[in-house]
Amino acid sequence: MTQTPYKIAVLVSGNGSNLQALIDAIKAGVLSVAIVGVISNNANAYALTRAQQAGITSIAFAQDSNDKPLSRQAFERKALAQLKKWQPNLLVLAGFMRILTPAFMTGLHELNLPAINLHPSLLPQYKGRNTHQRVLMAGDLAHGCSVHMLTEDLDAGKVLTQARLTVSPNDDVHSLQQRVHTLEHQLLPWTVWLLAKGLLTQKTPLPLPWCLHFDV
Ligand code: GRF
């Protein structure tokens, strides 16, 4: 008997190395989900090339028919209409660099579509941008990344999983960015795997987030 695959859609804006980590995990047979499509708000995102190379449907909603940049609202309307067609079980924000509006969240709710976001800090610390710089300025010894439920409030939804590293005295923004990226490439596929298997849900009453401690 063949099982219906757990389907995910991915929102991206840039390089897409985390999308690549998902693609690679699927190809390696360690993540049994299907990526039904990739949506970008940036027509030049390398993530779109990665999707095409993997034979995954990818769409950029970036310009209108007159080549003018799409408004945030227009992007969100188009993305929601596309998600309605694809009917994924989960929406994954992997390097999606734009804040979504409450209307988008309502749209996801109407589609009954849960969404997760990957963020380069140990939430609830350092919501928003420039996380590596802020960790260094504060002299923190621990840093890492989190996968959390997407909600209306920026980087504030329930934390599902985290991976952490120890900041070294030699670290700078660039090295931390690289080291956290390495963590993200392990954390995101693992979290999607947990969700697809039903081992983790947004209602799972975990006392602490599932946490990996890597030394990278
Ligand atoms: C990641 O660091 C992610 O945490 C942040 O944006 C970056 C995206 O990287 N939200 P990539 O596009 O997946 O390479």
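Here, each number is a calculation from the coordinates, and none is a lab measurement. Computed from a predicted structure; not experimentally measured. A quick note on method: Cβ atoms are made from the backbone with ideal geometry, for glycine too, and the neighbour counts reach across all protein chains shown.
Give, in nm to one decimal, the length gained when the segment between Gln202 and Asp172 is fully stretched (0.36 nm per residue of separation minus the Cα-Cα distance).
Using 0.36 nm per residue and subtracting the Cα-Cα distance, I get 7.4 nm.
Roughly what angle does helix 173-196 make with the longest principal axis of the chain, taking Cα atoms, 0 to 90 degrees, to the nearest 10?
The helix 173-196 is inclined about 60 degrees to the chain.
At a 10 Å Cβ-Cβ cut-off, how would you order Ser65, Ser121, Ser32, Ser13, fewest neighbours first?
Ordered from fewest to most neighbouring Cβ atoms within 10 Å, Ser65, Ser121, Ser32, Ser13 come out as Ser65, Ser32, Ser13, Ser121.
Tally Lys/Arg at +1 and Asp/Glu at -1 over every other residue whose Cβ is under 15 Å from the Cβ of His119; what's the total? List each step's numbers first, then the result.
Values: positive: Arg98, Lys127, Arg129, Arg134, Lys158, Arg164; negative: Asp153, Asp155, Glu184.
Around His119, the surrounding residues sum to +3.
Find out how many positive minus negative residues lie around Pro102, taking Lys and Arg as positive, Asp and Glu as negative, among other residues whose Cβ is under 15 Å from that of Pro102.
-1
Over what distance in Å are the Cα centres of the range 142-177 and the range 25-65 separated?
Spelled out, the Cα-based centre of one part sits 24 Å from the other.
For Asn66 and Gln53 in the same chain, what is the full-extension length gain: residue separation times 0.36 nm, less their Cα-Cα distance, in nm?
1.8 nm
Among Gly95, His185, Thr4, whose Cα sits farthest toward the positive end of the charge dipole of the chain (+1 at Cβ of Lys/Arg, -1 at Cβ of Asp/Glu, about the Cα centre)?
Thr4
Counting other C-beta atoms within 10 Å, which of Trp190, Trp86 has the fewest, and how do the rest follow?
Trp86, Trp190
When the dipole is taken about the Cα centre of the range 9-161, and only Lys, Arg (+1) and Asp, Glu (-1) are charged at their Cβ, what size is it in debye, to the nearest 20?
160 debye
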